[in-house]
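**Student:** Before I ask anything, let me first share the structure, which is written out below as structure tokens.
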Amino acid sequence: MPELNASLLNDRGVLAVEGPDAREFLQGLISNDIEKVSPERAIYAALLTPQGKYLFDFFVSQAGDRLLFDCERARLPDLQKRLRMYKLRARAELADESEELAVAALWGADAPAAAGLAAEAGSAKGLEGGTLVVDPRLPEAGMRLIVARSRAAEILAGLGATVGDATDYDRHRLGLGLPDASRDLVVDKAILLESGFDELNGVDWNKGCYMGQELTARTKYRGLVKKRLVPVVIDGPAPEPGTPLKAADREVGEMRSSFESIGLALVRLDAIEAGEALDAEDATLTPRKPDWGAF
């Protein structure tokens, strides 16, 4: 039996989108190809400003005729409002299902095997009126489950998962260098390619136009990325998000989320390449490239 750990992610919500025009109107908005989503496949994507800056990121899976957006719960009403602005006369309905549906993360050695899924990013299947997907960003991250809130504990137990709290998953995703929505991606400021969206399967370069596509493409093809969101090992008290990071009194980055001795920070590429520890108030941080990073 594969080892399987799980955490209920109460800071995540579920937005359901359905209707005959749902895919068409979403296709012109999000950074990934909505036509790739099926009962057997999920995607990771973002919604950007017209200037190409981060607004929201989410996982999209399919349950029956509905597209389910696994997204930041506190900001779900803002996402719903933003999508409705662009829906115009499209025949599509958007409903907040966060009270009825729960989101959980599952991970461990050979975790997909516990659910009969291939260990491929985005591999998916329907489960109890919801979905179970291998994390579309990175198979090593494990799986994401959307299921009826009233049955979440029962279904996790049926999968043989050991259920911990949300900090267990936080430790896991930070170790892999994976961002957690607006905790790590600054709204109206973050750029997708600084945040790993290319390597983490969050952008489709062949789908055609979407909102913010021009800057995203220009950033890639002109090599304009000068900073990257990377894991950091923390020696000392974890700095607050937004704390400047310095190397020899030169500001080279900014702290994001953390848990105990690991965290994420946005750091200049030259400082990452130098491999030197960085100063942040009473702590010293050592940045490292994530295993999936191609920079």
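The values are calculated or read from the model by the stated rules, or taken from the named source; none is laboratory data. All values derive from a computational prediction rather than experimental measurement. So basically every Cβ, Gly included, is an ideal-geometry build from the backbone, and we count neighbours across all protein chains shown.
**Student:** Give the number of residues within segment 190-210 that are of a type in the set (A, V, I, L, M) and either part of a loop (DSSP other than H, G, I, E, B) or assigned by TED's automatic domain parsing to the domain that holds Leu47 (or both). So that I can check it myself, show each step before the final result.
**Tutor:** The first filter runs over segment 190-210 and keeps only residues of a type in the set (A, V, I, L, M), leaving 190-193, 200, 203.
Remaining after also requiring either part of a loop (DSSP other than H, G, I, E, B) or assigned by TED's automatic domain parsing to the domain that holds Leu47 (or both): 190-191, 200, 203.
Adding up the residues that qualify gives 4.
**Student:** Looking at Leu132, is it touching a residue at least 12 places away in the same chain (Cβ under 8 Å) and farther than 20 Å from Ala16 by Cβ? If you could, list the steps in order and put the result at the bottom.
**Tutor:** Details: touching a residue at least 12 places away in the same chain (Cβ under 8 Å): yes; farther than 20 Å from Ala16 by Cβ: no.
Considered against the rule, which asks whether it is touching a residue at least 12 places away in the same chain (Cβ under 8 Å) and farther than 20 Å from Ala16 by Cβ, Leu132 comes out as no.
**Student:** Enumerate the strands (runs of 3 or more DSSP E) found wholly within segment 211-265, keeping only those where 3 or more residues are buried (at least 20 other Cβ atoms within 10 Å of the Cβ) and not assigned by TED's automatic domain parsing to the domain that holds Gln51. Give the steps one after another, and end with the answer.
**Tutor:** Numbers: elements: 227-235, 244-247, 250-259.
By residue number, 227-235, 250-259.
**Student:** Also, I was wondering about something else. Of all the residues that make up segment 29-54, how many are among the basic types (Lys, Arg) and under 17 Å from the mean Cα position of the chain (by Cα)? Talk me through it step by step, then tell me what you get.
**Tutor:** Going residue by residue through segment 29-54, those that are among the basic types (Lys, Arg) are 36, 41, 53.
Right, trim to under 17 Å from the mean Cα position of the chain (by Cα) and you get 41, 53.
Total satisfying the criteria: 2.
**Student:** Right, another one. I'd like the residue in segment 127-150 that is in a strand (DSSP E or B) and surrounded by fewer than 21 Cβ atoms within 10 Å (Cβ to Cβ) and, out of all such residues, is modelled with the lowest pLDDT.
**Tutor:** Residues of segment 127-150 in a strand (DSSP E or B): 127, 130-134, 143-148.
Cutting the leftovers down to surrounded by fewer than 21 Cβ atoms within 10 Å (Cβ to Cβ) gives us 127, 148.
Details: Leu127: 89, Ala148: 97.
Looking at the filtered set, the residue picked out is Leu127.
**Student:** I'd like the full set of residues that are buried (at least 22 other Cβ atoms within 10 Å of the Cβ) and either farther than 14 Å from Asp204 by Cα or among the hydrophobic types (A, V, I, L, M, F, W, C) (or both), limited to segment 30-46. Talk me through it step by step, then tell me what you get.
**Tutor:** Taking segment 30-46 and keeping what is buried (at least 22 other Cβ atoms within 10 Å of the Cβ), we get 30-32, 34, 37, 42-46.
Within segment 30-46, Ile30, Ile34, Val37, Ala42, Ile43, Ala45, Ala46 qualify.
**Student:** For Asn10, only one of the following conditions fails: (1) surrounded by fewer than 19 Cβ atoms within 10 Å (Cβ to Cβ); (2) farther than 22 Å from Leu156 by Cβ. What is its number?
**Tutor:** The single condition Asn10 does not satisfy is (2).
**Student:** Which residues, taken from segment 105-131, are under 22 Å from Asp180 (Cβ atoms) and touching a helix residue (DSSP H, G or I) at 6+ places or on another chain (Cβ under 6 Å)?
**Tutor:** Ala105, Trp107, Ala121
**Student:** Which number in (1) touching a residue at least 40 places away in the same chain (Cβ under 8 Å); (2) under 29 Å from Pro50 (Cα atoms) marks the one condition that Leu245 misses?
**Tutor:** Of everything listed in (1) touching a residue at least 40 places away in the same chain (Cβ under 8 Å); (2) under 29 Å from Pro50 (Cα atoms), Leu245 misses just condition (2).
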